[in-house]
Amino acid sequence: MNFISWRERVDQLLGSKAFEFVSTHGLQDQFPEITEAFTGTLAVYPGGLVITESNGLFRLVLGNTERSGTSREPLEKALFRWAWDQDRLVA
């Protein structure tokens, strides 16, 4: 799997759908900004990897490591490299 095909498989969850996903999977501690009133986007990538967007700020959390920025693509590339190194990508 290459970066482009991986990125094309992202599932964009908006607002209440993002809250439902976080609640269902017990991720409230990792994504405290996602509440019932959340108006941003939760992007779920292959391998269960996530980038959030709220008020124009993108955030990536991998365990104890957090990165953020105003552009999604650098975070996607970092996430893809991490997934590749951790064998979290499917062929």
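The values are calculated or read from the model by the stated rules, or taken from the named source; none is laboratory data. All of these numbers come straight from a predicted model, not from anything done at the bench. Cβ atoms come from the backbone with ideal geometry, glycine included; neighbour counts cover every protein chain shown.
Quick one: K17 ticks every box in (1) modelled with pLDDT under 95; (2) farther than 14 Å from W82 by Cα bar one, so which box is it?
Looking at each condition in turn, K17 falls short on (1).
Looking at (1) surrounded by 13 or more Cβ atoms within 10 Å (Cβ to Cβ); (2) in a helix (DSSP H, G or I); (3) not hydroxyl-bearing (S, T, Y), which is the only condition I4 fails?
If we test I4 against (1) surrounded by 13 or more Cβ atoms within 10 Å (Cβ to Cβ); (2) in a helix (DSSP H, G or I); (3) not hydroxyl-bearing (S, T, Y), just (1) comes out false.
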